[in-house]
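Structure first, then comments.
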Amino acid sequence: MERIKVKYFTDKIDKLEYIGGKSDWIDLRASEDIELKKGEFKLVPLGIALKLPEGYEAHVLPRSSTYKNFGIIQANSCGIIDNSYCGDNDMWKMPVIAVRDTQIHVNDRICQFRIFKTQPEIVFEETSHMDGPDRGGFGSTGKN
């Protein structure tokens with residue numbers, strides 16, 4: 001079992017919790033009240049910093065209910081936080097764009113993260129022919 005140091009920037013959000021058997025994604029919460037107007041961009045502070053183990057990174061994505069509940073989309077589609085982002089002031093944040101006027105309150109669950117091993121070192125080997133069967137081109141799954 002990996003042990004990961006976490007710093008909380010506020011005591012107003014619930015502590016991180018890994019819930020085994022249900023999902024291996026961990027909810028993240030807004031650490032301050034945010035008001036957004038339609039079309040506005042903001043960085044939503046998540047109130048934590050983590051020291052990820054060497055060779056790991058975190059992928060931060062919206063929860064399935066984030067758009068419905070808050071009318072926001074994540075501006076960078078998927079946030080990647082590498083293990084070097086671990087300074088005393090390196091609070092995680094979620095970049096969002098509002099699609100309607102909305103409010104996010106302290107401790108609202110707005111996104112989630114999962115920890116992945118980083119890309120192994122690879123070498124690209126050029127070839128003039130690929131061995132696998134052709135699938136019919138981009139977007140072809142389920143068409144044939």
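Mean residue ellipticity at 222 nm, helices only, the chain: -500 deg cm²/dmol; runs of at least 4 DSSP H residues each add -39,500 (n - 2.57), and the sum is divided by the number of residues. When the listed pairs 22/117; 37/93; 12/68 are checked against a 29 Å cut-off, every alpha-carbon distance falls at or below it. Subtracting the Cα-Cα distance of residue 101 and residue 77 from their residue separation scaled by 0.36 nm leaves 6.6 nm. Mean sequence separation of contacting Cα pairs (under 8 Å, at least six apart), scaled by the length of the chain, corresponds to a relative contact order of 31 percent. FRET efficiency for the residue 131 to residue 26 pair, using the beta carbon distance and R₀ = 41 Å, is estimated at 0.55. Peptides 31-40, 127-136, ordered by how many other C-beta atoms sit within 10 Å of their residues on average, highest first, read 31-40, 127-136.
For residue 111, the residues whose modelled amide H falls within less than 5 Å of its own, excluding neighbours fewer than 5 places apart on the same chain, are 28, 63.
Applying 1/(1 + (r/R0)^6) with R0 = 25 Å to the Cβ-Cβ distance of residue 33 and residue 59 gives a FRET efficiency near 0.45.
Our note on the geometry: Cα centres of segment 67-104 and segment 9-53, 8 Å apart. Over all distinct Cα-Cα pairs of segment 1-104, the Kirkwood formula returns a hydrodynamic radius of 14.7 Å. Assuming charge only on the beta carbon of Lys and Arg (+1) and of Asp and Glu (-1), the dipole of the chain about its Cα centre is about 640 debye to the nearest 20.
Read the figures in this text as sums done on the coordinates, not as results from a lab. Just so you know, these numbers come straight off a predicted model, no measurement behind them. Using ideal geometry, Cβ is built from the backbone for each residue, glycine included, and neighbour counts are taken over all protein chains shown.
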